[in-house]
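K.L.:
Starting off with a structure, shown below.
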Amino acid sequence: MLELILGGYALLVWLVFIKLKLLPWNIKSQVGAATGAVVLAASLVLTINVVAPTSSDVRAVNLVSEIVPRVQGTVTRVVVEGNTMVKKGDVLLQIDDTPYRLKVKELQAKLADATGSAKTLWQDHDAARSDVLAAQANLDLMTKRLSEASRLAGAGAGAHYDVENFDAEVKKAKAALAAARSAEAKAQIRLESVVGPDIASVAQIKAQLEAAQYDVASTVIRAPADGYAVNVAVRPGNYLMTLPFRPAMSFVEREQRILAYYDQNELRYVKPGQKAEIALKTAPGKLVYAKVDSIVWANAQGQMMQSGAVPNTPAEMLQAPPPQKYAVKLTPVDHDGRQPLPVPMGARGVGAIYTDKAKPMHLLRMVMVRAQSKLNYLVLKLH
């Protein structure tokens, strides 16, 4: 479009100075015409780069999840095929669950035993209470006998041996009562040690059983979102480990972000909601219509890593690194009732954002974007 405008300007100069000779074609007019062309071109370029900024670095980015099993084991079944779209929750692969099912059965048996033992706690508590009552009655009896023997011995009607004997029996009865009360307290504590509706021992085994059942469920690995798996090299018989650096496969989520990177001084008039157009190499001759979702006002140059060292500055004779660009998140939208073009992950291209300033000049940028879209038909290589 810029070439057309300059061509029109050259045609106007030709008509005025050469064809119609309305003005003399001398050194002054020649310098003026050349200067006017330069000023016109510079004004157009500098203005359009601000009111309709363009980016030659537009990327389609998808979220990628590394599928790492939560439990280890031998792969028994691989359901998913590479590059096949699946829904969230669909089965990707399955690990042998035999050891985990056996663990569940073991804990189920322990739970049944613990539940049965819990039912006897009240009986143990009642028995301990009865032992306390019996020990208290024996202590009362021995105390009474000791009192009687002491009176008789004091009156000369009894032997001191009986006094000593009953004194020993009282001490034994007190020790037996203390032991009975301790047993009753222990039984009471076991009854009061509950987690929710269950006694602690039962609740503990229930928690272990739930964890084991979760392990069984984890042997079936499902899709974390809508998308497709790539790099499906796992096969039945492979042994998978719960190691993050050895994923079973990579899963590309359907959710996508289109990012356009702009120089730091190009975004002064860009705001969310403004229209944008993208010409991708994967879709020659076509445009992806979009709108500005947001501007990511951050880049790596503004990040300082956590460290105990004082931040360093470049050496005096070294130039500072060039400023990094800012990313603008674009969201594809419908156009003329048509759905947005499907954009493959990693697609690259150029894009333009149309701000609210100098809207008549947007036409120049639209022509440039469409011309670039047509140029994408060309495959410029010799091998």
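K.L.:
Which members of the stretch 276-301 meet the condition of being touching a helix residue (DSSP H, G or I) at 6+ places or on another chain (Cβ under 9 Å) and closer than 12 Å to VAL333 by Cβ?
P.N.:
Going through the stretch 276-301, the residues touching a helix residue (DSSP H, G or I) at 6+ places or on another chain (Cβ under 9 Å) turn out to be 277-280, 283-287.
GLU277, ILE278, LEU287, listed by residue number.
K.L.:
Identify all residues within the stretch 47-92 that are in contact with a helix residue (DSSP H, G or I) (Cβ under 8 Å, 6 or more places away or on another chain), assigned to a loop (DSSP other than H, G, I, E, B) and not hydrophobic (A, V, I, L, M, F, W, C); write none if there are none.
P.N.:
The first filter runs over the stretch 47-92 and keeps only residues in contact with a helix residue (DSSP H, G or I) (Cβ under 8 Å, 6 or more places away or on another chain), leaving 47-48, 51-52, 54, 69-71, 73.
Narrowing further to those that are assigned to a loop (DSSP other than H, G, I, E, B): 52, 69-71.
Of everything in the stretch 47-92, those that are in contact with a helix residue (DSSP H, G or I) (Cβ under 8 Å, 6 or more places away or on another chain), assigned to a loop (DSSP other than H, G, I, E, B) and not hydrophobic (A, V, I, L, M, F, W, C) turn out to be PRO69, ARG70.
K.L.:
Search the stretch 230-242 for residues being part of a loop (DSSP other than H, G, I, E, B) and closer than 16 Å to SER65 by Cβ, and hand back the single one that is modelled with the lowest pLDDT. Break it down stepwise before answering.
P.N.:
Going through the stretch 230-242, the residues part of a loop (DSSP other than H, G, I, E, B) turn out to be 231-238, 241-242.
Applying the additional criterion that residues be closer than 16 Å to SER65 by Cβ yields 231-232, 234, 242.
Values: ASN231: 81, VAL232: 87, VAL234: 90, THR242: 87.
Filtering first and then ranking leaves ASN231.
K.L.:
Please verify whether VAL58 is surrounded by 14 or more Cβ atoms within 10 Å (Cβ to Cβ), among the hydrophobic types (A, V, I, L, M, F, W, C), farther than 30 Å from ASN231 by Cβ and modelled with pLDDT of 80 or more, treating the condition exactly as stated.
P.N.:
Spelling it out, it is not the case that VAL58 is surrounded by 14 or more Cβ atoms within 10 Å (Cβ to Cβ), among the hydrophobic types (A, V, I, L, M, F, W, C), farther than 30 Å from ASN231 by Cβ and modelled with pLDDT of 80 or more.
K.L.:
Can you say whether GLY116 is touching a helix residue (DSSP H, G or I) at 6+ places or on another chain (Cβ under 6 Å), modelled with pLDDT under 75 and either surrounded by fewer than 16 Cβ atoms within 10 Å (Cβ to Cβ) or closer than 30 Å to GLN72 by Cβ (or both), as far as the supplied structure shows? Quick ask: steps written out before the conclusion?
P.N.:
Details: touching a helix residue (DSSP H, G or I) at 6+ places or on another chain (Cβ under 6 Å): no; modelled with pLDDT under 75: yes; either surrounded by fewer than 16 Cβ atoms within 10 Å (Cβ to Cβ) or closer than 30 Å to GLN72 by Cβ (or both): yes.
When the stated conditions are applied, GLY116 does not pass them.
K.L.:
When you look at GLU148, is it in a helix (DSSP H, G or I), among the acidic types (Asp, Glu) and at pLDDT 90 or above, yes or no? Please lay out each step first, then the result.
P.N.:
Working: in a helix (DSSP H, G or I): yes; among the acidic types (Asp, Glu): yes; at pLDDT 90 or above: no.
Answer is no for this residue.
K.L.:
Let me ask another. Has the stretch 22-31 got any residue that is at pLDDT below 90, within 30 Å of MET368 (Cβ to Cβ) and either loosely packed, with under 12 Cβ neighbours inside 10 Å or among the aliphatic types (A, V, I, L, M) (or both)?
P.N.:
Initially, the stretch 22-31 is screened for residues at pLDDT below 90, giving 22-31.
If we keep only those that are within 30 Å of MET368 (Cβ to Cβ) as well, we get 30-31.
Now drop any that are not either loosely packed, with under 12 Cβ neighbours inside 10 Å or among the aliphatic types (A, V, I, L, M) (or both), which leaves 31.
Checked the stretch 22-31: at least one residue is at pLDDT below 90, within 30 Å of MET368 (Cβ to Cβ) and either loosely packed, with under 12 Cβ neighbours inside 10 Å or among the aliphatic types (A, V, I, L, M) (or both).
K.L.:
Identify all residues within the stretch 222-258 that are buried (at least 19 other Cβ atoms within 10 Å of the Cβ) and under 30 Å from LYS357 (Cβ atoms); write none if there are none.
P.N.:
Across the stretch 222-258, the qualifying residue is only ILE258.
K.L.:
Just give me the residues in the stretch 374-383 being surrounded by fewer than 15 Cβ atoms within 10 Å (Cβ to Cβ) and assigned to a loop (DSSP other than H, G, I, E, B), in sequence order. Give the steps one after another, and end with the answer.
P.N.:
Within the stretch 374-383, the first condition is being surrounded by fewer than 15 Cβ atoms within 10 Å (Cβ to Cβ), and the residues that meet it are 374-375, 377-383.
TYR377, LEU378, VAL379, LEU380, LYS381, LEU382, HIS383, listed by residue number.
K.L.:
Quick check on the stretch 194-201. Is at least one of its residues in contact with a strand residue (DSSP E or B) (Cβ under 8 Å, 6 or more places away or on another chain), surrounded by 13 or more Cβ atoms within 10 Å (Cβ to Cβ) and modelled with pLDDT of 70 or more? Show your work before the answer.
P.N.:
Filtering the stretch 194-201 down to residues in contact with a strand residue (DSSP E or B) (Cβ under 8 Å, 6 or more places away or on another chain) leaves 200.
Filter once more, so that each one left must be surrounded by 13 or more Cβ atoms within 10 Å (Cβ to Cβ): 200.
Checking the rest, the ones that are also modelled with pLDDT of 70 or more come to 200.
Checked against the condition, which is being in contact with a strand residue (DSSP E or B) (Cβ under 8 Å, 6 or more places away or on another chain), surrounded by 13 or more Cβ atoms within 10 Å (Cβ to Cβ) and modelled with pLDDT of 70 or more, the stretch 194-201 yields at least one hit.
K.L.:
Quick check on GLU266: is it under 27 Å from VAL333 (Cα atoms) and touching a helix residue (DSSP H, G or I) at 6+ places or on another chain (Cβ under 9 Å)? Please lay out each step first, then the result.
P.N.:
Working: under 27 Å from VAL333 (Cα atoms): yes; touching a helix residue (DSSP H, G or I) at 6+ places or on another chain (Cβ under 9 Å): yes.
Considered against the rule, which asks whether it is under 27 Å from VAL333 (Cα atoms) and touching a helix residue (DSSP H, G or I) at 6+ places or on another chain (Cβ under 9 Å), GLU266 comes out as yes.
K.L.:
If I go through the stretch 319-373 residue by residue, how many of them are part of a strand (DSSP E or B), in contact (Cβ under 8 Å) with a residue 12 or more places away in the chain and of a type in the set (D, E, K, R)?
P.N.:
Of the residues in that region, 2 qualify.
K.L.:
Might you let me know whether the stretch 348-364 holds any residue that is out of contact with any strand residue (DSSP E or B) (no Cβ under 9 Å at 6 or more places or on another chain), on the phi > 0 side of the Ramachandran plot and either of a type in the set (A, V, I, L, M) or surrounded by 14 or more Cβ atoms within 10 Å (Cβ to Cβ) (or both)?
P.N.:
Looking through the stretch 348-364, at least one residue is out of contact with any strand residue (DSSP E or B) (no Cβ under 9 Å at 6 or more places or on another chain), on the phi > 0 side of the Ramachandran plot and either of a type in the set (A, V, I, L, M) or surrounded by 14 or more Cβ atoms within 10 Å (Cβ to Cβ) (or both).
The values are calculated or read from the model by the stated rules, or taken from the named source; none is laboratory data. Only a predicted model underlies this, so the values are computations on that prediction, with no experimental measurement involved. Cβ atoms come from the backbone with ideal geometry, glycine included; neighbour counts cover every protein chain shown.
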